[in-house]
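Below: the structure, in structure tokens.
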Amino acid sequence: MKKRYRVIDTTDSHEQKMDNPYDRIPYLGRSHQQTHIEKIACIPFLFDIPFPDVHHARVLELGCGDGSNILNMAYSLPNATFVGIDGSEVQITRGQESISITGISNLELFHCDLLDVDSSFGTFDYIICHGVYSWVPSHVRKTILQICSQRLSTNGIAYISYNALPGWRMYSMVREMMRYHVRHIREDHKKTEQSIAMLQFVGQHLVDPVDSYGAFIRETMEHLSHSTSEYIFHEYLEENNQAFYFHEFIDSLEEHNLQYLGNTDFNTMNNLHFPEETQNILDEISNNIHNLEQYMDFLRCRRFRCDLLTHNNRELAREVTLNPFTKGYFTLSAFHAQDENLTPKDIFEDILENIFIESQQKALKDIPIFAHTIQSLFEHWPQYVHFDDICSYVQNRTMDFSQGDKVEIAALLQTLLLRNTIDLHLFQPKIATEVSHRPCASLVARAQIRYQFSISNQHHTMVALKDIWMRKILPYIDGKHTFEELFSIMQGFVHEDPSLHEQEASFHKAKLREFLSILLQKGVLVS
Ligand SMILES: C[S@@+](CC[C@H](N)C(=O)[O-])C[C@H]1O[C@@H](n2cnc3c(N)ncnc32)[C@H](O)[C@@H]1O
């Protein structure tokens, strides 16, 4: 790429450079599953609308932080090319270090203001802008839409996430109280600490702890207790955090010749989750998808949206036929698959109970293809399973399997997807199906563990490694060491680091075996 954009003045004094809050308090890099271009492409795939081939796509991420999100994508799609820009020099430098450590060559990161993205960047098939739109001033928001309009290829798709109303309104109340309390504090960490302390004070001294206000404050305290301090600082204490109603966001697209394509969370685009009476009223009062989604946001009290946009000169139809289901890859949703205590029978019964009405449940219990479909997804986890492989699995276990049964399986997968029980995918990432003689963890995960406890997996989600031994051994699970060699490396840690002596008792061969099996189950090991 020709670098003709204006770079941020790096001759600023240290204090001035550190004026960027993301330089002072960097965001921890994460993989956001819904931003993976194969997840984005699932929406036009389901609607049977042309979309750029993910394997050879050109991708831009605006406000990419330290680039962790696209680094993991670049690793999974080696023939696609990725560009990330961010205004924080500290984060971009960290990302560039990860690029040089991993040697991943289809990704470039630039320290650059998104206001400076111009035609020298070329066009992109996918533009990702996650966690930025609500958090910047209005002229920058306009520029984001302008970039999507000017830099998207003909069938290109942009992803923009933002805090949504009405749900975020309640959280902005908490944000206002926190900001009020820390308004005279200058030091960032003290600000974060004090803002949490103030919320705890409110929570502990509520006039009526059981009214709706009390319940909300307690729920928010619980939510924040699981959040990192940099998230709390940037989400609750920074100057910009503007939430929007879906209809406001849609209105802002028109002047940029963009239109709404869909939401990455496909099941939220339909009203099947609601009781029949609600569905009927929603259908009556909504004459198009925009109205329907807005009313559903009211009912769900939605607080965050991940919307997809495309050029508005394209004809869009949003009908979903069974055809795409015969071409996709599938996994059980993580909730079901990651609970190791569940058996396929438990999952089957849980799905029956939660999705189908009683009369359907009885009928489906007698149809073996249904149970076998679930079983095949369960057994293949963490692999993505192609429709044809599901059919072969079911066929091998069912008498008189016919073409009609394939249609039944496609229809079942459609129902399960609409009810958020399975995930659809468009490709097969490199995921190990067993712990091999020389196990290999993803290159990106091995680089990430240098500076954080959570690592990206091949599903493009995060895995927290709480155990110190696990974090220390991960870089060595590189496809070059056998189990015995890994074990002796672990023994070496104890000799090198006296602080580990106390924990030595918690370290033995069975533990290493368990680590490897966790890494396998969580989709961190690659084939
Ligand atoms: C909340 S963080 C989100 C980071 C990342 N996308 C994620 O979701 O993990 C917002 C990011 O936008 C970047 N940003 C904000 N304004 C920007 C601008 N005008 N130009 C470039 N980057 C900007 C910040 O530096 C920060 O890294």
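Couple of notes before you dig in:
- Some residue of segment 58-76 being more than 19 Å from the chain's Cα centre (by Cα), outside any loop (DSSP other than H, G, I, E, B), more than 12 Å from His130 (Cβ to Cβ) and free of Cβ contacts under 8 Å to residues at least 40 places away in the same chain: no
- Test: residue in segment 153-173 that is farther than 26 Å from Glu38 by Cα, among the hydroxyl-bearing types (Ser, Thr, Tyr), modelled with pLDDT of 95 or more and within 12 Å of the ligand (Cβ to nearest atom): no
- Counting only strands (runs of 3 or more DSSP E) that fall entirely inside segment 407-503 and contain at least 3 residues that are in contact (Cβ under 8 Å) with a residue 60 or more places away in the chain and under 30 Å from Leu272 (Cβ atoms), the qualifying elements are 422-425.
- Every residue from segment 108-127 that is free of Cβ contacts under 8 Å to residues at least 60 places away in the same chain and within 16 Å of the ligand (Cβ to nearest atom): Leu109, Leu114, Leu115
- Here Lys142 passes the criteria (1) surrounded by fewer than 17 Cβ atoms within 10 Å (Cβ to Cβ); (2) near the ligand (Cβ under 9 Å from one of its atoms) except the one numbered (2).
- Residue among Ser100, Ser76, Ser105, Ser88 that is outside the structural domain of Glu230 (by TED's automatic domain parsing), within 16 Å of the ligand (Cβ to nearest atom) and among the hydroxyl-bearing types (Ser, Thr, Tyr): Ser88
- Looking across Thr278, Thr264, Thr343, one residue alone is modelled with pLDDT of 90 or more, of a type in the set (Val, Ile, Thr) and closer than 30 Å to Cys391 by Cβ. It is Thr264.
- For segment 221-245, the set of residues classified as in a loop (DSSP other than H, G, I, E, B) and polar (S, T, N, Q) consists of Ser227, Thr228, Asn240, Asn241, Gln242, listed by residue number.
- Test: residue in segment 27-45 that is among the acidic types (Asp, Glu), touching a Leu at 6+ places or on another chain (Cβ under 8 Å) and either modelled with pLDDT of 95 or more or within 14 Å of the ligand (Cβ to nearest atom) (or both): yes
- Being more than 10 Å from the ligand (Cβ to nearest atom), within 21 Å of Phe246 (Cβ to Cβ) and assigned by TED's automatic domain parsing to the domain that holds Ile40 is a description that does not apply to Gln150.
- Segment 52-73: number of residues that are away from the ligand (no atom under 16 Å from the Cβ) and crowded, with 24+ Cβ neighbours inside 10 Å: 2
- Index of the failed condition, Leu261 passing every other in (1) crowded, with 18+ Cβ neighbours inside 10 Å; (2) in the same structural domain as Met173 (by TED's automatic domain parsing): (2)
Each row is one residue, and each column tells you yes or no for (1) in a helix (DSSP H, G or I); (2) at pLDDT below 95.
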position: His247; (1), (2): yes, no
position: His273; (1), (2): no, yes
position: Glu293; (1), (2): yes, no
position: Phe298; (1), (2): yes, no
position: Ala317; (1), (2): no, yes
position: Thr321; (1), (2): no, yes
position: Ile347; (1), (2): yes, yes
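- Note on segment 300-321: residues that are of a type outside the set (Val, Ile, Thr), more than 23 Å from the chain's Cα centre (by Cα) and surrounded by 14 or more Cβ atoms within 10 Å (Cβ to Cβ) amount to 4.
- Residue match in segment 218-226 (condition: away from the ligand (no atom under 16 Å from the Cβ) and modelled with pLDDT of 95 or more): no
The values are calculated or read from the model by the stated rules, or taken from the named source; none is laboratory data. All values derive from a computational prediction rather than experimental measurement. No Cβ is skipped: glycine too gets one built from the backbone with ideal geometry, and neighbour counts run over all protein chains shown.
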